[in-house]
Structure formats: C-alpha cells, structure tokens
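The values are calculated or read from the model by the stated rules, or taken from the named source; none is laboratory data. Owing to the predicted nature of the structure, the values given are computational and were not obtained by experimental measurement. When we count neighbours, we look across all protein chains shown, and the Cβ atoms used for this are built from the backbone with ideal geometry, even at glycine. Each accessible area value is taken on the protein alone, full model and side chains, heavy atoms only, with ligands, DNA and RNA left out. Shrake-Rupley method; radii C 1.70, N 1.55, O 1.52, S 1.80 Å.
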Amino acid sequence: MRCVRCGSEAFERFRGKIYCRECLIIKYDGAVESSVRRYRMIKNGERVLAAVSGGKDSIAMLSALKSLSKKLNFELSALFIDLGIGEYSRKSGDTARTLCREYGIDLHIVKIADHGFTMSDVSGKICSVCGNVKRYLMNRFAREKGFDSIATGHCGEDILSNFFKNLYSGNIQWSEKQKPRLEGYDRMVARIRPLYEMSERENMLYVLAKDLPFVEDECPHAPSTTWKELVYEIERKVPGFRVSVLRNLARKKKIDKEEYRYCRICGEITTSDVCQFCRNVAKYSRDQ
Ligand SMILES: [Zn+2]
Ligand SMILES: [Zn+2]
C-alpha cells in the first residue's frame with residue numbers, strides 16, 4: 001500500500017486514509033491546528049505552559065504545540081510534576097527532560113515531595129488525590145511564573161469517559177468545565193486542551209511516526225478503563241459520536257459562576273474553608 005498523499009511507503013491509516021509517516025505527521029499537526037483555531041484556544045503572543053506527564057498523549061501534545069508555536073505565535077514551556085511514584089515517576093521525568101532538551105523547550109519541575117508527602121503516602125482514593133495535587137500545583141506554578149494558559153494532554157476519550165463517570169455520580173455541573181479552553185478568573189489560570197478532538201490512537205500513531213520518547217507503562221494506580229471502553233463501544237455503533245458530543249460540550253454556554261472563596265491556609269481558590277490540597281497536605285505530610 002502507498003500513501004494517498006505522496007505515494008511513498010504506507011505507514012498507517014489516519015481518519016480513513018492511508019498515509020506515510022511524514023504525511024501522517026502533517027495531517028495530525030493540521031488537525032490539531034484546526035481545532036486550536038476552531039476553538040480559539042491560544043491567543044496571540046500567549047505564554048503557554050504545557051503539562052507533560054511523559055505518556056503518549058502529553059508527549060504528542062508537546063510535540064504538536066512545538067510545531068505550531070511559530071505559526072500561531074505563542075511561547076511554549078513545559079512543566080513536569082514529580083508525584084514521587086517510584087520508578088514510574090523517574091522514567092516519566094527522564095522522558096520529559098529528553099524531549100524538552102531536544103526541542104530546546106524550558107522544562108520546569110515541581111515536586112510534590114516539597115509539600116511533605118508523595119503519592120506513596122496516600123491511602124484510599126489515590127487517583128482523586130493525584131488529580132487534585134496536579135491541578136493545584138500546575139495552577140499555582142503557572143500563575144506565580146506569569147503564564148497565560150496551561151495546556152493539558154486530555155484527548156477526546158478522556159473527556160467523554162469523564163463525562164459518563166460524572167453523569168453516573170450525579171455531578172451534572174461538571175460538563176460546564178469540559179471546554180477546549182476554559183478562561184482563567186481571579187487566581188485561576190486559563191486551561192487549554194489542544195488534543196480535544198484527537199483520539200488516543202491518533203496520538204499513539206503520531207508519537208510512533210515521529211519516533212518520540214514516551215513512557216509506555218501506565219501509572220501503577222491507573223483507574224479501570226470501563227468508561228473508556230464504553231466510549232469506544234458507542235463510537236463503533238454510532239460513528240462520529242465522539243466528535244459530535246465534544247463539539248456540543250464546547251458550544252454549551254456557562255450557566256453560572258461557581259461560588260468560590262480563598263483557602264484559609266494557602267489562599268488559593270476553593271469552594272470550602274480549607275482547600276482540598278491543604279487537606280491532603282495535612283493528612284499525608286510526614287513533616288508535621
Ligand atoms: Zn505521504
Ligand atoms: Zn489551600
């Protein structure tokens with residue numbers, strides 16, 4: 001088989017057509033660019049901080065943003081949050097370092113250990129503690145260093161499977177936040193999701209086509225994939241389901257601003273007296 005675009009040796013199928021490596025890279029970059037433009041995700045001259053975990057999705061995002069940064073005129077830096085999950089965190093950090101060095105991107109590293117605990121100290125709902133810690137640390141870091149937006153590697157399936165999970169637990173308001181770009185307010189920095197319309201498979205193909213380093217191991221605490229499998233199942237029966245739901249979520253107008261106040265301990269934004277991060281610190285930190 002030959003690439004439909006240039007006739008070179010075929011690499012893989014992407015959005016229904018067969019491409020060679022080079023053309024698949026061009027098509028993927030083009031798809032990310034059109035969704036960044038469609039949703040006006042990045043503003044002219046913005047300082048973007050890309051959160052990189054070392055997995056295929058965030059590596060694909062960093063690489064695609066690097067290719068777009070000149071064309072769309074934004075500044076790109078990266079952030080790695082060291083969660084202290086043994087070998088997994090060590091490998092992930094090395095991967096982020098390798099790619100950033102190759103691309104000449106400034107890589108910032110924030111360690112959760114500086115707050116007196118690591119993920120190994122956390123008991124119970126480790127993934128929700130981890131999610132809280134990552135959101136908190138990236139927001140605080142980005143704001144303190146003057147970044148305009150934080151880019152995360154969430155792709156279509158992440159957003160849709162979270163949608164089902166939250167629907168299941170009755171957290172309806174949640175869908176308000178599933179936008180390709182969430183504007184910042186007060187102490188919250190804007191969030192962008194450049195891979196909003198990309199799928200995990202597409203991210204994997206891109207990383208393989210470009211021969212990028214990435215951590216193959218899942219986080220040892222990774223949650224079950226039931227909801228994601230459900231998303232694939234629906235997509236099989238209703239082709240186009242994923243993109244259609246994502247575009248509807250993106251269009252949905254924000255209804256009302258969530259009530260918020262400032263954490264009594266650290267001053268970050270929270271809905272209660274003491275923020276979840278400070279409660280995690282109080283519970284798990286060995287320093288007190
Ligand atoms: Zn080609
Ligand atoms: Zn706090």
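Take LYS125 and decide whether it is away from ligand 1 (no atom under 16 Å from the Cβ) and more than 18 Å from the chain's Cα centre (by Cα).
On the way: away from ligand 1 (no atom under 16 Å from the Cβ): yes; more than 18 Å from the chain's Cα centre (by Cα): yes.
Here the answer is yes, as LYS125 does meet what is asked.
Among residues belonging to region 133-152 that are outside any helix (DSSP H, G or I) and under 18 Å from LEU65 (Cα atoms), point out the one that is most open to solvent (accessible area, probe 1.4 Å).
Taking region 133-152 first, the residues outside any helix (DSSP H, G or I) are 145-152.
Pick out the ones that are also under 18 Å from LEU65 (Cα atoms) and you get 147-152.
Numbers: PHE147: 15, ASP148: 68, SER149: 0, ILE150: 1, ALA151: 0, THR152: 16 Å².
Across region 133-152, the extreme among qualifying residues is ASP148.
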Next item on the list: Tell me which residues, restricted to region 15-49, are among the hydroxyl-bearing types (Ser, Thr, Tyr) and farther than 22 Å from ARG5 by Cα.
Entry: TYR39
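Checking the structure you have, find out if any residue of region 1-8 is open to solvent by less than 30 Å² (accessible area, probe 1.4 Å) and farther than 13 Å from ALA151 by Cβ. Spell out how you get there, then give the answer.
In the first step, residues of region 1-8 are kept if they are open to solvent by less than 30 Å² (accessible area, probe 1.4 Å); the result is 3.
Among the residues that remain, those that are also farther than 13 Å from ALA151 by Cβ are: 3.
Scanning region 1-8, I find at least one residue that is open to solvent by less than 30 Å² (accessible area, probe 1.4 Å) and farther than 13 Å from ALA151 by Cβ, so the answer is yes.
Can you tell me which residue among ASP217, ASP211 is modelled with pLDDT under 95 and either open to solvent by 60 Å² or more (accessible area, probe 1.4 Å) or β-branched (Val, Ile, Thr) (or both)?
Working: ASP211 fails: modelled with pLDDT under 95.
Just a single option satisfies the conditions, and that option is ASP217.
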Next item on the list: Go through region 111-128 and count every residue that is buried (at least 19 other Cβ atoms within 10 Å of the Cβ) and touching a Phe, Trp or Tyr at 6+ places or on another chain (Cβ under 7 Å).
Entry: 2
Margin query: I need the full set of residues from region 43-66 which are surrounded by fewer than 17 Cβ atoms within 10 Å (Cβ to Cβ) and among the small types (Gly, Ala, Ser), in order please.
Written below: GLY45
Margin query: Every residue in region 196-246 that is under 24 Å from GLY93 (Cα atoms) and among the β-branched types (Val, Ile, Thr), please.
Written below: VAL207, VAL215
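Sort out which residues of region 190-203 are open to solvent by 20 Å² or more (accessible area, probe 1.4 Å) and assigned to a loop (DSSP other than H, G, I, E, B), and write them in order of number. Reasoning before the result, please.
Initially, region 190-203 is screened for residues open to solvent by 20 Å² or more (accessible area, probe 1.4 Å), giving 191, 193, 200-201.
Correct list: ARG193 only.
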Check: Within region 159-187, which residues are open to solvent by 50 Å² or more (accessible area, probe 1.4 Å) and of a type in the set (Asp, Glu)?
Finding: GLU183, ASP186
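Only one residue in CYS130, CYS100 is at pLDDT 90 or above and in a helix (DSSP H, G or I), so which one is that?
Details: CYS130 fails: at pLDDT 90 or above.
Unique residue meeting the criteria: CYS100.
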Next item on the list: Looking at (1) open to solvent by less than 10 Å² (accessible area, probe 1.4 Å); (2) modelled with pLDDT under 80; (3) of a type outside the set (A, V, I, L, M, F, W, C), find the lone condition where GLY156 falls short.
Entry: (2)
Checklist line | Candidates ASP106, ASP29 - the one that is open to solvent by less than 80 Å² (accessible area, probe 1.4 Å) and acidic (Asp, Glu) | finding: ASP29
Checklist line | Residues (within 14 Å of ARG187 (Cα to Cα), among the aromatic types (Phe, Trp, Tyr) and more than 9 Å from ligand 2 (Cβ to nearest atom)) located in region 257-288 | finding: TYR260
Item checked: Wholly enclosed strands (runs of 3 or more DSSP E) of region 1-60 bearing at least 2 residues closer than 30 Å to SER89 by Cα, within 16 Å of ligand 2 (Cβ to nearest atom) and among the aliphatic types (A, V, I, L, M) -> none
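Please pick out the residue among LEU99, LEU79 that is touching a His at 6+ places or on another chain (Cβ under 8 Å), of a type outside the set (S, T, N, Q), in contact (Cβ under 8 Å) with a residue 60 or more places away in the chain and surrounded by 20 or more Cβ atoms within 10 Å (Cβ to Cβ). Don't jump to the end; show me each part of the working.
Working: LEU99 fails: touching a His at 6+ places or on another chain (Cβ under 8 Å).
On inspection, the qualifying residue turns out to be LEU79.
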